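Participant: Let me begin by handing over the structure; questions about it come next.
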Amino acid sequence: MSDINAIPEEEHDASPRWYVIHCKGGESFRAAEHLGHQGYEVFHPVLEVQKRRRGKLVWITEPLFPYYLFIRLDRLASNWGPIRSTRGVMRIVTFGLDTPVPVGDELIEILKRQGDDRGDATANLYFRAGEPVEVTEGPFKNLQAVFESHKGEERAIVLLGMLQKQQRLEMPVSQLRRRD
């Protein structure tokens, strides 16, 4: 029988390391909040995404890794006990002998850098350049177009086939939908 407190030979150094927490479905934000309130250092990478809600595009914050977040712990000095009973937490991810395996600091740094580089307004936009769309309202209703780019948060540039060439038009993003 393996012991979660057993320390593998290569982990005798007591420096804090990052570990992965598996969260209950849809509760990674709750888990991150509760672990933070308990004094743990938590990294929960998120994306700002646009989704259609009641016919309008809205910005929503979603986890980059649904069901997972990262926690920084010291193998010897950190109190691992309360983690499993924290609201939203399912377990600490383990491999092999039920021993938590640390994630490299380099990976966390890359994720943090990429999050900073993305910026809030441009991450994972609802429409992507070159994607076929359909106009749902206005004088061009039911016409097929190609999404070219966003122009601010509410407007879009589309390419619409008219007069035997593609015309660039600016219109509200809310008047577009993905073509199936």
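The values are calculated or read from the model by the stated rules, or taken from the named source; none is laboratory data. These numbers were taken from a predicted model, which means no experiment stands behind them. Backbone-built Cβ (ideal geometry, glycine too); neighbour counts: all protein chains shown. Heavy atoms of the whole protein, side chains included, go into the accessibility calculation; ligands, DNA and RNA do not. Shrake-Rupley method; radii C 1.70, N 1.55, O 1.52, S 1.80 Å.
Participant: With all protein chains present and a 1.4 Å probe, how do Tyr68, Tyr40, Tyr19 order by accessible area, largest first? Display every interim value, and only then the final one.
Facilitator: On the way: Tyr68 90, Tyr40 35, Tyr19 0 Å².
I get Tyr68, Tyr40, Tyr19, largest accessible area first.
Participant: Identify, among Ile92, Trp80, Val58, the residue whose Cα sits farthest towards the positive end of the charge dipole of the range 26-105, taking +1 on the Cβ of Lys and Arg and -1 on the Cβ of Asp and Glu, with the dipole about the Cα centre.
Facilitator: After comparing all options, I get Val58.
Participant: Now, a different point. Over all distinct Cα pairs, what is the inverse of the mean 1/r for the range 31-180, reported as the Kirkwood hydrodynamic radius in Å? Working shown, then result.
Facilitator: Values: mean 1/r = 0.0533 Å⁻¹.
18.8 Å is the Kirkwood radius here.
Participant: Carbon-plus-sulfur fraction of the accessible area of the range 127-166, 1.4 Å probe, in percent? Spell out each step's value before the answer.
Facilitator: Details: 1330 of 2530 Å².
Of the solvent-accessible surface of the range 127-166, carbon and sulfur hold 53 percent.
Participant: OK, next. Given charges of +1 on the Cβ of Lys and Arg and -1 on the Cβ of Asp and Glu, with all other atoms neutral, how large is the dipole of the range 27-180 about its Cα centre, in debye to the nearest 20?
Facilitator: On the way: 23 positive and 21 negative charges, 137 e Å.
Rounded to the nearest 20 debye, it is 660 debye.
Participant: Considering only protein heavy atoms, what is the solvent-accessible area of Lys56 at a probe of 1.4 Å, reported in Å² to the nearest 10?
Facilitator: That residue has around 140 Å² of solvent-accessible surface.
Participant: Further question: By a straight-distance test (C-alpha under 25 Å), which lysines pair with Lys24 as possible cross-link partners, with residues fewer than eight away in the same chain excluded?
Facilitator: The qualifying lysines are Lys51, Lys112.
Participant: Subtracting the Cα-Cα distance from 0.36 nm times the residue separation, let me have the gained length for Phe65 to Asp98 in nm, one decimal.
Facilitator: On the way: separation 33, 0.36 × 33 = 11.88 nm, distance 2.19 nm.
Value of the extension gain: 9.7 nm.
Participant: Amide H of Lys24: which non-local residues (sequence gap of 5 or more, or other chain) have their own amide H closer than 5 Å, using H built in the peptide plane?
Facilitator: Counting only residues 5 or more places away or on other chains, the set is Val89, Met90.
Participant: Could you tally the net charge around Gly88, taking each other residue with its Cβ under 15 Å from the Cβ of Gly88, Lys/Arg +1 and Asp/Glu -1?
Facilitator: Charge balance near Gly88 sits at +3.
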